[in-house]
There are 2 protein chains.
Amino acid sequence: MNEAKRKIALLIEGVNDPIRAKTAVSLIRYRPEEVVAILDSTRQGETAQSLFGIGGNLPVVGSLADVPSADTLLVGIAPPGGKLPQPMRRAVLDALERRLTVVSGLHDFLSDDAEFAAAAQAQGAKIIDVRKNNEHEVANREGIDERCLRIHTVGNDCSLGKMVTALEITHALKRRGRDAKFVATGQTGIMVEGDGCPIDCVVSDFINGAAERLVLANQQHEIIVIEGQGSLVHPRYSAVTLGLLHGSMPDGLIMTYEVGRTRLNNMEQFPVPPLPYVIQLYETMGQVMHPCRVIGVSMNSRNCTPDQAEAERERVRRELGLPVCDVLRHGADELADAVLKFKQEIGK
Amino acid sequence: MNEAKRKIALLIEGVNDPIRAKTAVSLIRYRPEEVVAILDSTRQGETAQSLFGIGGNLPVVGSLADVPSADTLLVGIAPPGGKLPQPMRRAVLDALERRLTVVSGLHDFLSDDAEFAAAAQAQGAKIIDVRKNNEHEVANREGIDERCLRIHTVGNDCSLGKMVTALEITHALKRRGRDAKFVATGQTGIMVEGDGCPIDCVVSDFINGAAERLVLANQQHEIIVIEGQGSLVHPRYSAVTLGLLHGSMPDGLIMTYEVGRTRLNNMEQFPVPPLPYVIQLYETMGQVMHPCRVIGVSMNSRNCTPDQAEAERERVRRELGLPVCDVLRHGADELADAVLKFKQEIGK
């Protein structure tokens, strides 16, 4: 996926809430050199900046005819359940007819859709389903190199910044000359990094094994920062979260939360539980397999004023006695420091 | 699967340890009227009784030619990873050539094997892969009927009797005239019960959802007894275990363990943790989603003398203050009593 620079049109077609369009937002943030347009006929003529607050003048277009340079259509949304919304079908077909490569991270594989498969074959166009995988091995706990420090981002809900936190900590560590590697475990992370494993699409007997193999494949690095998925407290995704936690055997956890979020994502009937309870839950479950503790907090303060963000940061620092920052607002230096201090402490 | 009485030959071909051949052993125990032979060319001429200590004179044969009445070949093993051992291929091909239906609960679908698929098609024979499923919906927590009592069997390891415990408790409740239903979640349970969901073969984002749908599909019963899978403390299968625990929202848990087992199944490097710790872990994790506690202990005492079994039973009763029995040695009445007492206590 990384060989040549692609020219990507991001398909969001009416889904312009930054949480549901998180794949598009992340590509704009971490692959800006590859993105040429956003495709949304309902917001044609606007810019990435006006839609998402990032991306400057990147144009929103109504049709692929408006971006003849595009060679890739990337489905920019991450809906619960992973199905392609009906209004997007026309754009996918249009892309295939124009011989663009279509990249999708949905659970419903576009390459298994009869109409898309026929269109791709007729035009010689390519469909890349990022979540397609052939993971079929259980965990074995053999060949683990304990010299590699394993850091894992977790959260008290899904869709609140575990991937961004892992990426920003990795970048901060690299800027200090450390051999750090972001280990992608979800479709967006894989699209950004170019490798990884779509852990939530693995057959469930093999989740722990797939996570263990991500460690084996990357432990030549000094530090690996493993992207978290879902949450132990989310009724939908807790199994994925635990398989990743147990299979990847982290030494240190970074706890991610969003300031002011009171209800679980897509499950309004469930309150977001308090951080101290969630921290204890992750430490208890992580320690079933390997010594492990929370070493820092990543706060997502996207809906805060600067004053609110500072007050909250101080409050949580005091309450939990841990380093706290918003990796986009403050940078990830405080958490990178925490990782290096922890590394020394445990003698890795 | 339940319509007509089948005539089943159980394929174990050299795998005659009762834990690895647990599918065969369970069919002999719970579907004796349908089993006509065990197929194992390495133990030809023996009986089920001499191999497994149950099943009386059920013959062990070396070839399907020795059981012309058989209309079904059922793969009787449950190996870690779910692959068909090489020595079994010949027997599967032989069965298809004789137009027998082949039933398998392996992860590696026999119907996807080119050689088997061709043989089945050539002869018009049927391959039933019990683990094949199309679960593709997340959990939603809608329409749950809290009048139905949900009991779930869990354990401090895998392969120690969670299915047998659930079946025996269900049978004991039915004998008392209660409307109880065994809810199968694994290949063997499904083969015995005729319905259920192969939870360990669901795409991981949908484990919790598949478990929730098992509740929705069976909550018209007074009491459902949901078969457990794996263990929260097993490095390989903990994700499956948690998805089932969170998706099925049990009110009461039955903790299963094997007397004298000190190392985890297939992971000798890991000790089996003590029961009080494991009980607390399950209660903590279960309560994340729904009020829940352990109400009884199912002890597997297959390797004990009668005296050892009684001493252990007393010891655990005293230590944990819970009802304890070996459902095969003592019957499941003590646990059925515990379920009914608990039902009254929580007012369901």
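Annotations
- The range B:9-25, subset part of a loop (DSSP other than H, G, I, E, B) and at negative phi, residue surrounded by the fewest Cβ atoms within 10 Å (Cβ to Cβ): B:17
Quick grid of which residues meet (1) out of contact with any Leu (no Cβ under 6 Å at 6 or more places or on another chain); (2) basic (Lys, Arg):
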| residue | (1), (2) |
| --- | --- |
| A:242 | no, no |
| A:252 | yes, no |
| A:261 | yes, yes |
| A:275 | yes, no |
| A:280 | yes, no |
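- So residue B:239, is it under 24 Å from residue A:209 (Cα atoms) and outside the structural domain of residue B:104 (by TED's automatic domain parsing): yes
Rundown of residues vs (1) more than 14 Å from every other protein chain (Cβ to nearest Cβ); (2) free of Cβ contacts under 8 Å to residues at least 60 places away in the same chain, yes/no style:
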position: A:156; (1), (2): no, no
position: A:159; (1), (2): no, no
position: A:173; (1), (2): yes, no
position: A:210; (1), (2): no, no
position: A:222; (1), (2): yes, no
position: A:225; (1), (2): yes, no
position: A:228; (1), (2): no, no
position: A:238; (1), (2): no, yes
position: A:244; (1), (2): no, no
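- Answer residue from the range B:247-290, given it is at positive phi and within 12 Å of chain A (Cβ to nearest Cβ) and is surrounded by the fewest Cβ atoms within 10 Å (Cβ to Cβ) among those: B:266
- Unique match (being touching a residue at least 24 places away in the same chain (Cβ under 8 Å), within 14 Å of chain A (Cβ to nearest Cβ) and not aromatic (Phe, Trp, Tyr)) among B:179, B:205: B:205
- Of all residues in the range A:68-83 being over 16 Å from the mean Cα position of the chain (by Cα) and more than 14 Å from chain B (Cβ to nearest Cβ), the one that is surrounded by the most Cβ atoms within 10 Å (Cβ to Cβ): A:73
- Hey, residue A:164 assigned by TED's automatic domain parsing to the domain that holds residue A:286, touching a Leu at 6+ places or on another chain (Cβ under 9 Å) and within 23 Å of residue A:203 (Cα to Cα) or not: no
Residues checked against (1) among the β-branched types (Val, Ile, Thr); (2) assigned to a loop (DSSP other than H, G, I, E, B); (3) outside the structural domain of residue A:78 (by TED's automatic domain parsing):
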site: A:136; (1), (2), (3): no, yes, yes
site: A:141; (1), (2), (3): no, yes, yes
site: A:153; (1), (2), (3): yes, no, yes
site: A:169; (1), (2), (3): yes, no, yes
site: A:181; (1), (2), (3): no, no, yes
site: A:214; (1), (2), (3): no, no, yes
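- Failed item in (1) farther than 30 Å from residue B:107 by Cα; (2) more than 14 Å from chain B (Cβ to nearest Cβ); (3) free of Cβ contacts under 8 Å to residues at least 40 places away in the same chain, with residue A:217 passing the rest: (1)
- The range B:249-334 holds strands (runs of 3 or more DSSP E) entirely within its bounds, and those carrying 3 or more residues that are closer than 13 Å to residue B:165 by Cα and in the same structural domain as residue B:166 (by TED's automatic domain parsing) map to B:252-258, B:293-300.
- Being at pLDDT 95 or above and closer than 30 Å to residue A:270 by Cβ holds for only one residue in B:271, B:276, and it is B:276.
- When each of A:78, A:119 is tested for being at pLDDT 95 or above and either over 24 Å from residue A:197 (Cα atoms) or not charged (D, E, K, R) (or both), the lone residue that passes is A:119.
The values are calculated or read from the model by the stated rules, or taken from the named source; none is laboratory data. Just so we're clear, the structure is a prediction, and the values are computed from it rather than from any experiment. Every residue, glycine as well, gets a Cβ built from its backbone with ideal geometry; the counts of neighbours run over all protein chains shown.
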